[in-house]
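Asks: The structure's right below; bear with me while I get my questions together.
What follows draws every value from the coordinates through simple rules; no lab data is involved. Since the model is a prediction, treat every value here as computed from it, not as a measurement. Every residue, glycine among them, receives a Cβ derived from its backbone with ideal geometry; neighbour counts consider all protein chains shown.
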Amino acid sequence: MVQSYKEISAMAQKRRDDALSAFFPIPGIAEDSLPQDLRSYPRTSGLLTQEELDIIDTDAEALLEKIKNRTLTSVQITSAFCKASVIAQKLTNCVTEVLFKEGLERARYLDEYLERTGSLVGPLHGLPLSLKDSFITAPYPSSIGMAIHANIPTEKDAVLVNMLRDLGAVFYVKTNIPTAMMMAETTNRIWGETRNPIHKGLTPGGSTGGEGALIAMKASPLGVGTDIAGSIRIPSAFCRLYGLKPSFGRFSTLGGKPSIPGQDFVYAVCGPMSTSLGAVKLFCESVLSDRAAPWNLDPKIIPMPWRNDVIQPRGRRLRFGILGANDGTITCHPPIERAVSIVANALKAAGHDVIPWEPINHREIVDLLNESFDELGSDAIIPVLEAYKEPVFGSMERAFSACKKGIRKFDPEKLRQMIVKRNQLQTEYLNRWMATKTDTEGPMDGIIAPVAPSGAPRLGMGETVDYVGFTAFVNLLDYCACTFPVTYADKSIDHPRGKEWTPLSPQDKMIQDDYDPEFYHGAPVSLQLVGKRLEEEKVLEMVEIVADVLKKTTYN
């Protein structure tokens, strides 16, 4: 007899909670006593020592340097992040599987190795690293928020997990995701809902929302997520992180737990997330080194080691396309529109070119992506949920209905038509990008764009309305993109749109009607920088330039 999802959930949560409390029991926390911004709690609670607070406040590169010069040990650092993750779980519900025991054993081995040999095992020697739940770390389950997987042991680590371990990383925790990783908020019937530590009334996004919350709480210096329609960038933006969505073929997803096995129309990719742009770059340099050579481990990886200084000549003027307040389907909330203006004005003031970028074909691109999820994913997801009596969330009900249609006609001809249309849209977009070249200037270098209509939606909003079009167009094109923080919503200047504003659709009106400047005050506001296919190095270099420009402006 098949267990109900409620029984399976109780088992999974008990396993997690027992492991957390056995390591670091902390008293109950009165919800009414918590501030809106939860990030201050670890420092004010008295639960961590000053040394532990200093550790979690230190970025990944500096932690590695301290291990190298033996100022700190990996055990000290790992223990601090384990404790911080217990607190983060208590405040945000961001954790699924607990790997503390194995993590600390690995940290001890690495410390002993360094003491014995005077050498590091790799560039990530001793660094704690968190993982989205979909990365398999055997024998721990990889639930992806579904009852069918929640308590089933796994047998073989994902390729990237083995690579990162060989490079010296220490795994200590896995993080929450939405059901089947197919929502822009993080909630499921097994682990429950994760909230945003920057504003506890908001979602941290999805599908890598547990990572976003954990890292924003400084309970991880570096994490890894996946992205098929915005699942790295949405949580990174909502949690003020740098999050890189690469093109397919750079980082391995082989051996992970997919939500739609065999789906090859829109590629799922994985990438790093951190409060530090340097940590994101460190991940890329380490994983795409000649030593790691992922192209020898995964047949889908392009043999293309990470490159530095790809923008030449160094310091040259860059050209950015600016996607404005709407993408032709949905209009952004006022704080997002203000953030776009902040960045555009700062870049112009710094001497860079800024040109309007019209969202031509964006609606068609996003519609095709949504159609592919419905047609290729419904049969893989909905019947499995129904078998365990898992209620389907509103956003998934809207997205995955193909298997419930009375007469379904999806055959090879339909798939061929979809592929032809995808390829055509990719070609047209590239042609339009390259057409920005002038007699004296090269084509635009990248696109500055919103990540979502709001800084981060309120908890539960996906039950009635959601939208991932600002990120999903990048996935269908197989471009790369990186998020970067800009500002916070401010009720004194981010006023609702007036009566003269005309919504583009009923969905647009619902999203805009939700904007309440009082409620959203203090919400994080981020944007993304989009580059062409396989331009990850250039994208990170451009984001570094944009971040430096923003540090010098007084408008954010």
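Asks: Looking at the range 448-497, what % of the alpha carbon pairs are farther apart than 19 Å?
Replies: The proportion of pairs with Cα distances above 19 Å equals 43 percent.
Asks: In deg cm²/dmol, rounded to 500, what helix-only [θ] at 222 nm does the chain give when every DSSP H run of at least 4 residues adds -39500 (n - 2.57) and the total is split over its residues?
Replies: -12000 deg cm²/dmol
Asks: Zone of Thr71 (label point 7 Å along Cα→Cβ, backbone N under 17 Å): which residues in the range 97-133?
Replies: 125-128
Asks: Report ³J(HN,Hα) in whole Hz for each residue of the range 442-449, in order, from the Karplus equation J = 6.51 cos²θ - 1.76 cosθ + 1.60 where θ = phi - 60°; Gly and Pro get x.
Replies: These are the phi-based 3J(HN,Hα) values: x, x, 4, 7, x, 10, 8, 8 Hz.
Asks: Still on this structure, please answer the following. Calculate, in nm to one decimal, what Gln426 and His495 gain on full extension: separation in residues at 0.36 nm each, minus their alpha carbon distance.
Replies: 21.1 nm
Asks: Inverting the mean 1/r over all pairs of different Cα atoms, compute the Kirkwood radius of the range 310-465 and quote it in Å.
Replies: Result for the range 310-465 stands at 18.9 Å.
Asks: Under a cut-off of 26 Å between alpha-carbon atoms, report the lysines in cross-link reach of Lys414, not counting same-chain residues fewer than 8 places apart.
Replies: Reachable lysines: Lys300, Lys404, Lys405.
Asks: Just the projected area, averaged over all directions, of the convex hull on the alpha carbon atoms of the range 303-390: how many nm²?
Replies: Quarter of the Cα hull surface area: 10.8 nm².
Asks: While we're here: Which loop GluC sites (Glu not before Pro) in the range 97-190, with loop taken from DSSP, have no more than 15 other Cβ atoms within 10 angstrom of their Cβ?
Replies: Those that pass, being in a loop and sparsely packed, are Glu155.
Asks: Now a separate question. Check cross-link reach from Lys491 to the lysines: straight Cα distance under 25 Å, and skip same-chain residues fewer than eight apart.
Replies: The reachable lysines, counting only those whose Cα sits under 25 Å from Lys491, are Lys200, Lys499, Lys509, Lys551, Lys552.
Asks: Same structure again: Hey, what do the phi angles of the range 134-144 turn into as Karplus ³J(HN,Hα) couplings, whole Hz, using 6.51/-1.76/1.60 and θ = phi - 60°, x for Gly and Pro?
Replies: 6, 7, 7, 10, 4, x, 5, x, 10, 6, 6
Asks: Hey, any idea what the orientation-averaged projected area of the convex hull of the chain's Cα atoms comes to, in nm²?
Replies: Taking a quarter of the hull surface, the average projection is 26.2 nm².
Asks: Output the peptides 537-547, 25-35 sorted from most to least packed, where packing is the average of other Cβ atoms within 10 Å over each peptide's residues.
Replies: 537-547, 25-35
Asks: Binning at 5 angstrom from zero up to the longest distance, how are the C-alpha pair distances of the range 1-96 distributed in percent?
Replies: Binned Cα distances yield the sequence 2, 11, 20, 18, 16, 13, 9, 5, 3, 2, 1, 0.
Asks: Moving to a separate point now. Straight-line reach only, C-alpha to C-alpha below 22 angstrom: list the lysines that Lys68 could link to, leaving out same-chain residues fewer than 8 apart.
Replies: In chain and number order, the partners are Lys218, Lys281.
Asks: What residues qualify as long-range amide H neighbours of Gly446, i.e. H under 5 Å apart, gap of 5 or more or another chain, H built at 1.01 Å from N?
Replies: Arg319, Gly321
Asks: Provide the packing ranking of 388-398, 236-246, 306-316, 480-490, i.e. peptides ordered by the mean count of other C-beta atoms within 10 Å per residue, highest first.
Replies: 236-246, 480-490, 388-398, 306-316
Asks: Over all directions, average the projected area of the Cα convex hull of the range 411-492 and note it in nm².
Replies: That works out to 9.4 nm².
Asks: For Cα pairs less than 8 Å apart in space and 6+ apart in sequence, what is the mean separation divided by the residue count of the chain, i.e. the relative contact order in percent?
Replies: Result for the chain is 15 percent.
Asks: Semi-axes of the equivalent ellipsoid for the range 252-318, please: Cα gyration tensor eigenvalues, times 5, square-rooted, ordered largest first, whole Å.
Replies: 27, 15, 14
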